[in-house]
1. Looking at V27, V59, V20, which one is touching a Ser or Thr at 6+ places or on another chain (Cβ under 8 Å) and of a type in the set (A, V, I, L, M)?
2. If only one of L147, L95 is within 16 Å of the ligand (Cβ to nearest atom), hydrophobic (A, V, I, L, M, F, W, C), open to solvent by less than 70 Å² (accessible area, probe 1.4 Å) and outside any loop (DSSP other than H, G, I, E, B), which one is it?
3. Condition test on M78, is it at pLDDT 80 or above and either at negative phi or surrounded by 16 or more Cβ atoms within 10 Å (Cβ to Cβ) (or both)?
4. All but one of (1) in a helix (DSSP H, G or I); (2) modelled with pLDDT of 90 or more; (3) away from the ligand (no atom under 16 Å from the Cβ) hold for S108; which doesn't?
5. Any residue in region 137-152 that is within 14 Å of I43 (Cβ to Cβ) and charged (D, E, K, R)?
6. Restricting the first residue to region 56-67 and requiring it to be in contact (Cβ under 8 Å) with a residue 12 or more places away in the chain, which pairs with a second residue that is open to solvent by 50 Å² or more (accessible area, probe 1.4 Å) and in a helix (DSSP H, G or I) meet a Cβ separation below 8 Å and a spacing of at least six or different chains?
7. Considering only residues that are of a type outside the set (D, E) and in a strand (DSSP E or B), which ones fall in region 112-130?
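The values are calculated or read from the model by the stated rules, or taken from the named source; none is laboratory data. All of these numbers come straight from a predicted model, not from anything done at the bench. All Cβ positions, glycine included, derive from the backbone under ideal geometry; neighbour counts span all protein chains shown. Calculation scope for accessible area: heavy atoms of the full protein, side chains included, ligands and nucleic acids excluded. Shrake-Rupley method; radii C 1.70, N 1.55, O 1.52, S 1.80 Å.
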Amino acid sequence: MVKEIIRDVNLLQIKAEDAVKEDIDGVAQDLLDTLQANSHRCIGMAANMIGIAKAIIAVDTQAEARAMAANAAQGAGMAGLAATAGNGEGLLLMLNPRYTKKSPRTYSVKEGCLSLSGERVAERHQWVEVIYRDMQWQKRKQRFAGLTAEIIQHEMDHLAGILI
Ligand SMILES: [Zn+2]
């Protein structure tokens, strides 16, 4: 079910509790539906953003490819990305994500957030390795780089109650 996006900073600063298997058909599915409904302006979402303080995030893993295609086509950057909204494919859902490794190197980047106004500078690792449970409640360990890693770090910050 598509949910409303929370913009109350006090609610957004509540730390998420661990998710349980029963959350897959509830909160996790709602998060996927809500990200999909907002895919023209949003490439990642944490459960806090739909008002549930559970450790669940959804990530658009095709955002980077779309951004590159848009750049190549029109040099339009993020505006181009918005114009080539995702079709819901490539959405990765992670329950209880935890870092196992982070790249030593970091970089500064301007980020926006559907729950906040404007853009702010954040410091991000070039790659991160994460263990999580998937929609089948299977344990997975995966390394991510580039924009996908950036989205994951932004959303995992949300779970810790940290805003950009
Ligand atoms: Zn955000």
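1. When all the criteria are applied, what remains is V59.
2. L147 is the lone residue from the list that is within 16 Å of the ligand (Cβ to nearest atom), hydrophobic (A, V, I, L, M, F, W, C), open to solvent by less than 70 Å² (accessible area, probe 1.4 Å) and outside any loop (DSSP other than H, G, I, E, B).
3. Considered against the rule, which asks whether it is at pLDDT 80 or above and either at negative phi or surrounded by 16 or more Cβ atoms within 10 Å (Cβ to Cβ) (or both), M78 comes out as no.
4. (1)
5. Scanning region 137-152, I find at least one residue that is within 14 Å of I43 (Cβ to Cβ) and charged (D, E, K, R), so the answer is yes.
6. Every condition considered, the pairs that remain are A67/M78.
7. Once the filter is applied, which keeps residues that are of a type outside the set (D, E) and in a strand (DSSP E or B), region 112-130 yields G112, R120, V121, A122, R124, H125, W127, V128, V130.
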